[in-house]
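Here's the structure, in structure tokens; my notes come after.
The values are calculated or read from the model by the stated rules, or taken from the named source; none is laboratory data. Bear in mind the structure is a predicted one, so any value in this text is a computation, not a measurement. Cβ placement follows ideal geometry from the backbone for every residue including glycine, while neighbour counts extend to all protein chains displayed.
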Amino acid sequence: MRLTLRVWRQAGPEDGGRYEVYEVADAEPEMSVLELLDTLNGRLVDEGVEPVAFDSDCREGICGACGVTVDGRPHGPAENTPSCHQRLGSYSDGDTLRIEPLRAAVFPVIRDLVVDRSALDGIAEAGAHVWIPAGTAPDADAMLQDHATAEAALDFAACIGCGACVAACPNGSANLFVGAKLRHLALMPVSSLDRGPRAKEMIREADQEFGPCSLYGECSRVCPAGIPLRAIGAVNRERLRSVFRRT
Ligand code: SF4
Ligand code: FES
């Protein structure tokens, strides 16, 4: 099928950027949005034109590297699906797609569809890790965890750090991301020991860089990991707990 692409082109952070219009005559419904861009780039290279820059790595929905906005929706039209898995099946011959970077004030555009998501890394560095002098690795059976709690922790650990939740939020809030990390680590026996300081540091970092949460719920609809909105409740709960509970 023939698709028209309106693609955001921006030479660098200081460039104002603009949409360029391209035709792709041989798009297939099974293609992902990223494969569509690959096809376009193959042609642009043949024509001696600078290809469209975009991020991707695993293309299996597990690394969080990809992330473009398609027709105004972070990752694309299908809910809870990363850009690398957004197929073109919902488009018809002659349709137009508008492809632009993830839009958020904290994600400046580096080039074309590539944005700087290091503000999310800042939150992770502030507390999404475990500081324990562990010595040699303990026996895997030494710290028992019940199955239901382990499964719940894994559900929140599924966050791939793509940043789509921030781009989808009218406030640019990172609370779904923060809540997923806090909930995941609070449910693990070792990392739960740092629970209070972790919550304080991660929430402080998020408050500095990102907007507040007004519970619009857009974040959870675009999240490729399906992180539920109740993760946001964890942010408020962990914040209160870190203030009132003695460590
Ligand atoms: S919570 Fe979901 S949308 Fe946000 S960074 Fe994690 S995986 Fe991406
Ligand atoms: S490229 Fe890894 S999640 Fe999309």
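Residues being outside the structural domain of Trp8 (by TED's automatic domain parsing), away from ligand 2 (no atom under 16 Å from the Cβ), part of a loop (DSSP other than H, G, I, E, B) and surrounded by 13 or more Cβ atoms within 10 Å (Cβ to Cβ) are entirely absent from the stretch 151-166.
Considering Ala124, Ala78, Ala65, Ala105, the condition of being farther than 23 Å from Phe210 by Cα and either part of a loop (DSSP other than H, G, I, E, B) or away from ligand 2 (no atom under 16 Å from the Cβ) (or both) is satisfied by Ala78 alone.
Are any of the residues in the stretch 226-240 under 20 Å from Arg117 (Cα atoms), away from ligand 1 (no atom under 12 Å from the Cβ) and in contact with a Lys or Arg (Cβ under 8 Å, 6 or more places away or on another chain)? Scanning the stretch 226-240 turns up no residue that is under 20 Å from Arg117 (Cα atoms), away from ligand 1 (no atom under 12 Å from the Cβ) and in contact with a Lys or Arg (Cβ under 8 Å, 6 or more places away or on another chain).
Quick check: anything in the stretch 10-22 near ligand 2 (Cβ under 10 Å from one of its atoms), without any contact (Cβ under 8 Å) to a residue 60 or more places away in the chain and hydrophobic (A, V, I, L, M, F, W, C)?
Step one: list which residues in the stretch 10-22 are near ligand 2 (Cβ under 10 Å from one of its atoms), which gives none.
No, the stretch 10-22 contains no residue that is near ligand 2 (Cβ under 10 Å from one of its atoms), without any contact (Cβ under 8 Å) to a residue 60 or more places away in the chain and hydrophobic (A, V, I, L, M, F, W, C).
The residues on offer are Ser220, Ser191, Ser242, and the sole one that is touching a His at 6+ places or on another chain (Cβ under 9 Å) and of a type in the set (Ser, Thr, Tyr) is Ser191.
Which ones in the stretch 167-189 are assigned to a helix (DSSP H, G or I) and without any contact (Cβ under 8 Å) to a residue 40 or more places away in the chain? It would help to see each step written out before you state the result.
Residues of the stretch 167-189 that are assigned to a helix (DSSP H, G or I), as a first pass: 167-168, 175-186.
His184 - this is the single residue of the stretch 167-189 that is assigned to a helix (DSSP H, G or I) and without any contact (Cβ under 8 Å) to a residue 40 or more places away in the chain.
The set of residues in the stretch 44-78 that are within 14 Å of ligand 1 (Cβ to nearest atom) and at positive phi comprises Gly61, Gly64, Gly67, His75, Gly76.
Taking into account only those residues within the stretch 40-62 that are part of a loop (DSSP other than H, G, I, E, B) and more than 14 Å from ligand 2 (Cβ to nearest atom), which is nearest to Ser118 (Cα to Cα)?
Here is the first cut: in the stretch 40-62, the residues part of a loop (DSSP other than H, G, I, E, B) are 47-62.
With the extra rule that they be more than 14 Å from ligand 2 (Cβ to nearest atom), the set shrinks to 47-53.
Numbers: Glu47: 34, Gly48: 32, Val49: 29, Glu50: 26, Pro51: 24, Val52: 21, Ala53: 18 Å.
Only one residue fits best here, namely Ala53.
Within the option set Ser214, Ser192, Ser242, being among the polar types (S, T, N, Q) and assigned to a loop (DSSP other than H, G, I, E, B) holds for one residue only, Ser214. Considering only residues in the stretch 81-102 that are part of a strand (DSSP E or B) and away from ligand 1 (no atom under 16 Å from the Cβ), the one that is surrounded by the most Cβ atoms within 10 Å (Cβ to Cβ) turns out to be Ile99. Taking first residues from the stretch 62-80 that are hydroxyl-bearing (Ser, Thr, Tyr) and partners that are more than 9 Å from ligand 2 (Cβ to nearest atom), the Cβ contacts under 7 Å between residues at least 6 apart in sequence or on separate chains come to Thr69/Glu100; Thr69/Pro101; Thr69/Leu102; Thr69/Arg103; Thr69/Ala167.
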